[in-house]
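Structure, as structure tokens:
The values are calculated or read from the model by the stated rules, or taken from the named source; none is laboratory data. Keep in mind it's a predicted model, so treat the numbers as computed, not measured. Quick reminder, even Gly has a Cβ in these numbers, built from the backbone with ideal geometry, and neighbours come from all protein chains shown.
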Amino acid sequence: MDLDVIAGTVTVRQAQVELDTGELVTGPPKSRTVTLPQAIIPDLRRHPGNLTGPDPKR
């Protein structure tokens with residue numbers, strides 16, 4: 001997921017669903033870029049570190 005606080009968008013690069021069997025399947029999302037409500041942009045700019053977790057690739 002990429003957060004762009006300047007453009008006010010979030011881009012979702014993957015989606016994960018749980019099948020009836022319990023298996024998790026990762027694939028492309030239904031929608032790629034979403035416009036964020038302007039009311040939350042200032043909060044996102046003030047606290048970007050609270051929105052991210054550790055990089056699972058590291």
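Listed by first and then second residue, the pairs linking a residue in the stretch 37-55 that is basic (Lys, Arg) to a residue that is at pLDDT 75 or above and not in a helix (DSSP H, G or I), with Cβ atoms under 8 Å apart and 6 or more places separating them unless they lie on different chains, are ARG45/VAL5. Hey, can you tell me all the residues within the stretch 2-27 that are at negative phi, surrounded by 10 or more Cβ atoms within 10 Å (Cβ to Cβ) and assigned to a loop (DSSP other than H, G, I, E, B)? Within the stretch 2-27, VAL5, ALA7, VAL12 qualify.
Inside the stretch 20-39, can you point out the residues that are under 18 Å from VAL5 (Cα atoms) and modelled with pLDDT of 90 or more? Give the derivation first.
Of the residues in the stretch 20-39, the ones under 18 Å from VAL5 (Cα atoms) are 32-39.
THR33, VAL34, THR35, LEU36, PRO37, GLN38, ALA39 - these are the residues of the stretch 20-39 that are under 18 Å from VAL5 (Cα atoms) and modelled with pLDDT of 90 or more.
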